[in-house]
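Remarks on the structure that follows.
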Amino acid sequence: MYEYILTLSCPDRMGIVHHVTGWLLTRHGNIIHSQQFDDLDSGRFFLRIHFSLPVENAIDEMQNDFASVAERFSMQFQIHDKRRKARLLILVSRQGHCLNDLLFRTQSGQLPVEIAGVASNHPDFRPLAEAHGVPFHHLPVTPETRADQERRILELAEREHVDLVVLARYMQILSQDMCRALEGRAINIHHSFLPSFKGARPYYQAHERGVKIIGATAHYVTQDLDEGPIIEQDIERVDHAMDVQALTRIGSDVESLVLSRAVRWHVEHRILLNGARTVVFR
């Protein structure tokens, strides 16, 4: 048996699950795991089904066959081969904790992805990437060369058949054109201090204000800076006795964990967009 994942969303109405499971039955499909959510606010229905079939490499055929069901309920849907590992391009600047975490989780088999490459506007992490057998691309950028540098990143993503671009503390603001090109397939990580502590040295700003909670947020990249649909967040409590270095260390740990969760849920097809929000089937 071969395993697949079906995800869909549509306006909520009676009979959706009946017709989807009936379609699976006609193809001799077996449901391994199913999750659904009915959003009363938006009136939309969300479904993720992990199923098996006695047919290999049947994605195109299934998509064409399922189109009649999808049309009946005005569905947006995708069918994925569970065995296929998503290909990642990681963008990083000079803070490497998230990059290091993703490389380790991938190499140790904890994260079911293939890292196609690491690209950076600085050369600092070439040894780290190459130690994991991952190609490193140094793509420096200035205000005058930004358009050309972003074009090279997009060409790299296309050439390497990248499914997801991960901004692992990539400290460059993407252009509107870049955001449009990566819509739905780029994830960013930032500290949860926004909007209170924007810009450089957020942990210094937080220490000066005496914060009691620090955290991190992973979200999809959109044209609105740091306002894309949120995928995952987490926090840690801190206190007055902690200095900036302690806050930075704790914050870095939270950022790494939150980003790895968001990447995992994306590549396992657990995230469905619901307007400006997300539905995450864990």
Taking MET1 as the residue in question, decide whether it is modelled with pLDDT under 95, farther than 21 Å from ARG264 by Cβ and not small (Gly, Ala, Ser). yes
Please find, among PHE66, PHE45, PHE73, the residue that is touching a strand residue (DSSP E or B) at 6+ places or on another chain (Cβ under 9 Å) and free of Cβ contacts under 8 Å to residues at least 40 places away in the same chain. PHE45
Of the residues LEU99, LEU111, LEU89, LEU103, only one is crowded, with 20+ Cβ neighbours inside 10 Å and in contact with a Gly (Cβ under 7 Å, 6 or more places away or on another chain); which? LEU89
Flag if ALA181 is surrounded by 18 or more Cβ atoms within 10 Å (Cβ to Cβ), at negative phi and either assigned by TED's automatic domain parsing to the domain that holds THR217 or free of Cβ contacts under 8 Å to residues at least 12 places away in the same chain (or both): yes
Scan the stretch 4-29 for residues that are surrounded by fewer than 17 Cβ atoms within 10 Å (Cβ to Cβ) and either at positive phi or among the hydrophobic types (A, V, I, L, M, F, W, C) (or both) and jot them down. MET14, GLY15, VAL17, LEU25, HIS28
Looking at the stretch 230-252, which of the residues that are within 21 Å of the chain's Cα centre (by Cα), surrounded by fewer than 18 Cβ atoms within 10 Å (Cβ to Cβ) and in contact (Cβ under 8 Å) with a residue 40 or more places away in the chain is farthest from MET178 (Cα to Cα)? ILE235
Considering residues that are over 14 Å from GLY29 (Cβ atoms) and either surrounded by 18 or more Cβ atoms within 10 Å (Cβ to Cβ) or assigned by TED's automatic domain parsing to the domain that holds LEU111 (or both), the number found within the stretch 48-72 is 1
If you scan the stretch 151-171, which residues turn out to be at pLDDT 95 or above and either surrounded by fewer than 18 Cβ atoms within 10 Å (Cβ to Cβ) or not assigned by TED's automatic domain parsing to the domain that holds GLU268 (or both)? ARG151, ARG152, LEU154, GLU155, GLU158, ARG159, GLU160, HIS161
Hand me the list of strands (runs of 3 or more DSSP E) wholly inside the stretch 200-282 holding 2 or more residues that are in contact with a strand residue (DSSP E or B) (Cβ under 6 Å, 6 or more places away or on another chain) and among the charged types (D, E, K, R). 230-237
Go through the stretch 245-275 and give me each residue that's under 27 Å from GLN205 (Cβ atoms) and either outside the structural domain of GLU208 (by TED's automatic domain parsing) or aliphatic (A, V, I, L, M) (or both). ALA246, LEU247, ILE250, VAL254, LEU257, VAL258, LEU259, ALA262
Any idea which of ARG152, ARG169 is in contact with a strand residue (DSSP E or B) (Cβ under 9 Å, 6 or more places away or on another chain) and assigned to a loop (DSSP other than H, G, I, E, B)? ARG169
Would you mind stating whether ASP148 is surrounded by fewer than 18 Cβ atoms within 10 Å (Cβ to Cβ), under 21 Å from HIS190 (Cα atoms), in the same structural domain as GLU227 (by TED's automatic domain parsing) and among the acidic types (Asp, Glu)? no
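The values are calculated or read from the model by the stated rules, or taken from the named source; none is laboratory data. These numbers were taken from a predicted model, which means no experiment stands behind them. Neighbour counts run over all protein chains shown; Cβ positions are idealised from the backbone, glycine included.
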